[in-house]
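To start, the structure under review is shown below, and the notes come after it.
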Amino acid sequence: MRMSRALKGGLFKGVLFLSLLVGFLTLVVLLVDVFNDGLPFLDRTLLTSPPSGDPDIAGARPAILATIYIGALLLAFVVPIGVATAIYLEEYANKTRWYNRLLEINIQNLAAVPSIVYGILGLAFLVRGIGLGRVLLAGAMILTLLVLPTVIIAAREAIRAVPDSIRQGGYALGATQWQVVSRQVLPAAIPGIATGSILALSRGIGETAPLILIGAVTYISFDPTILGPFTALPIQIYSFLRLPQAEFKLLAAASIIVLLAILLTLNAFAIFIRNRYRRSW
Amino acid sequence: MSSIEPMTLGQIAQEHDEVETPKREVVFAVEDLAVAYASNVAIREVSLEVYKNAVTAFIGPSGCGKSTFIRCFNRMNDLVPSAKVTGNVLYHGKDLYADEVDPVEVRRRIGMVFQKPNPFPKSIYDNIAFGPRVLGLKDNLSDRVESALQRAALWDEVKDRLKESALGLSGGQQQRLCIARCLAVEPDVILMDEPASALDPISTTRIEDLMHELKREYTIVIVTHNMQQAARVADMTAFFSVDVAPDGGKRTGILVEYDRTSKIFTTPADKRTEDYVTGRFG
């Protein structure tokens with residue numbers, strides 16, 4: 001009896017481990033393959049030169065810069081809006097009111113809308129509607145809308161995870177609702193909010209479809225500006241891959257390494273913020 | 001069989017009973033109070049007076065509304081959207097539920113300690129300093145923090161680690177921290193909702209000793225499940241019970257009897273109180 005129970009336990013553990021391996025091995029194979037192809041091309045030229053028809057002097061500088069700009073703008077837009085929405089829904093909204101329930105359902109549904117639809121929205125309302133044009137700012141704004149539901153949901157979960165006893169303790173000392181929210185609830189929720197925002201940022205930076213739709217161009221040989229035409233790393237990678245010369249495939253691999261490096265740096269920064277706030281508890 | 005007869009609750013209560021109950025100042029006068037959550041009446045028809053510099057205990061079985069009741073004194077029930085309070089709670093003669101009264105101001109005067117210690121996830125110092133900070137009492141903050149910790153009998157244990165997280169304290173220390181936090185805003189009244197129910201016996205004794213100390217300066221109201229505790233610390237005791245509607249449906253808390261603690265535990269006037277304090281019920 002005991003043997004069979006131990007066996008079951010061991011089997012279960014084995015299955016869990018195998019599941020873990022699927023994800024892990026895929027990632028390792030991918031990384032090894034990309035690094036194998038890309039490392040020789042990961043040099044100054046890639047980082048400092050614009051794209052070119054000659055693979056030896058071609059780089060991805062405009063796309064790298066644009067991705068960094070878009071990421072920074074995205075964060076600057078999405079975190080305040082997302083966190084403020086989450087605070088309203090969790091701390092202020094009266095959930096018995098129909099309009100608050102409607103808002104909630106809407107936000108949950110928005111998270112499931114395909115990114116290409118956001119692209120159409122951006123084209124119609126930002127690029128043409130308010131006449132922003134096919135500029136980097138429009139791209140950042142549309143990606144903001146795209147990842148906003150993710151940030152809201154993550155921030156709400158982080159806020160909800162703050163025990164109610166903390167709020168009650170604050171109120172019992174004569175704190176106002178805003179003081180309780182800003183000095184107790186938000187600081188306690190920051191680790192969760194940071195993690196959610198980073199995941200959202202990663203998704204936004206990796207997006208291609210909505211940017212193509214609003215007209216991110218594939219060939220740009222000058223540094224992007226916020227109000228100018230732009231491309232982005234995923235689009236650059238795609239356009240490298242479409243070129244006939246084999247060297248461009250390797251250049252694409254090198255660009256993928258750059259994209260990964262940007263994402264990992266951002267993640268590291270988020271983890272740093274998270275740990276910092278944890279320590280001060 | 002046992003060589004030492006355990007003390008009865010009445011004897012415990014009489015030990016600290018003042019022979020002459022002095023004419024005490026009334027801090028709270030509750031008149032015909034009722035609290036309902038949506039259509040569910042938690043407690044009704046409560047009238048009693050809470051006296052200054054005394055410990056008043058609310059005892060009774062689960063569901064008798066005593067925790068709901070104590071939350072009327074600092075308007076914590078306002079935080080529950082469906083809660084509706086009717087009747088009057090007069091605090092030094094002024095109605096706490098009058099339109100012009102700001103619940104935030106009420107809670108600044110009437111502090112509360114909860115059943116489960118709820119230190120903020122901050123340092124010991126910041127926990128105590130939170131109240132003064134939100135109220136704008138920023139002068140001599142360190143003195144305030146020290147004084148509050150002294151009065152809560154916690155200073156000696158934490159003075160060398162004020163910057164460390166309050167979450168690293170033991171349960172009993174955390175609860176005394178919560179009491180200190182409450183004292184730091186210099187309240188008039190301290191409400192305690194089963195403050196020792198999550199603590200071990202030694203920590204409980206310390207909290208009880210603290211109550212004896214604190215009642216010299218403050219008025220204390222305590223909810224407790226533990227009759228021994230009521231007998232040990234309280235000057236006045238209110239016994240609440242559950243009234244079940246004749247059709248066996250709705251259960252509502254009611255105040256059965258309110259008197260000096262020694263009276264409640266020796267010669268209660270009501271049969272239900274007697275059954276409860278002698279352990280025949282609840």
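Readers should treat all values here as calculations from the given coordinates under stated rules, not as data from a laboratory. Note that the structure is predicted; figures quoted are calculated from it, not measured. Cβ placement follows ideal geometry from the backbone for every residue including glycine, while neighbour counts extend to all protein chains displayed.
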Q.
Of the candidates B:104, B:46, B:85, which one comes out as most mobile in a Gaussian network treatment of chain B with C-alpha springs shorter than 10 Å?
A. B:104
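What FRET efficiency comes out for the pair residue B:116/residue B:150, r = Cβ-Cβ distance, R0 = 25 Å, nearest 0.05? Write down the numbers at each step before the final one.
Values: r = 24 Å, r/R0 = 0.98.
Efficiency for this residue pair is about 0.55.
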Q | Long pairs among B:116/B:215; B:52/B:263; B:94/B:250, criterion Cα-Cα beyond 24 Å | A | B:94/B:250
(Q) Using DSSP H assignments, which helices in chain B have an axial alpha-carbon span of 27 Å or above and a mean Kyte-Doolittle hydropathy of 1.0 or higher? (A) none
Q: Please state, rounded to one decimal and in Å, the Kirkwood hydrodynamic radius that segment A:203-278 gives when every pair of distinct Cα atoms enters the mean of 1/r.
A: 14.1 Å
Q.
Compute the angle between helix A:98-110 and the longest alpha-carbon principal axis of chain A, please, reported from 0 to 90 degrees and rounded to the nearest 10.
A. 30 degrees
**Q.** Rounded FRET efficiency, nearest 0.05, which uses the C-beta distance separating residue A:20 from residue B:143 and R0 of 56 Å
**A.** 0.50
Q.
Compute the distance from the alpha-carbon center of segment A:214-277 to that of segment B:236-264, in whole Å.
A. 71 Å
Q: State whether the protein assembly as shown is rounded, prolate or oblate according to the following rule on the C-alpha gyration tensor (a ≥ b ≥ c being the square roots of its eigenvalues): a/c under 1.5 gives rounded; otherwise a/b larger than b/c gives prolate, and the remaining case gives oblate.
A: prolate
Q: Taking the Cβ of each residue in B:237, A:144 as the centre, tally the other Cβ atoms inside 10 Å and list the residues starting with the fewest.
A: A:144, B:237
Q.
Suppose we flag trypsin sites (Lys or Arg not before Pro) only when DSSP calls them loop and at most 14 other Cβ atoms lie within 10 Å. Which is the longest uninterrupted stretch of chain B?
A. B:24-137
(Q) Connecting C-alpha atoms closer than 10 Å in a GNM of chain A, tell me which of A:162, A:32, A:217 has the biggest fluctuation. (A) A:32
(Q) Quick check on segment A:106-184: take the gyration tensor over C-alpha atoms, sort the square-rooted eigenvalues as a ≥ b ≥ c, and tell me if it's rounded (a/c under 1.5), prolate or oblate. (A) prolate
Q.
Is the C-alpha gyration tensor of segment B:9-277 telling us rounded, prolate or oblate? Criteria: a/c under 1.5 is rounded; beyond that, a/b larger than b/c is prolate, otherwise oblate.
A. prolate
Q.
Only sites in a loop by DSSP and with at most 11 other Cβ atoms within 10 Å count here; which GluC sites (Glu not before Pro) in segment B:74-156 make the cut?
A. B:100
Q. Just from its helices, what would the mean residue ellipticity at 222 nm be for the protein assembly as shown, if runs of 4 or more DSSP H residues each count -39500 (n - 2.57) and the sum is divided by every residue, rounded to the nearest 500 deg cm²/dmol?
A. -16000 deg cm²/dmol
Q: Mind checking which lysines have their Cα closer than 20 Å to the Cα of residue B:122? Skip sequence neighbours fewer than 8 apart in that chain.
A: B:138, B:159, B:163
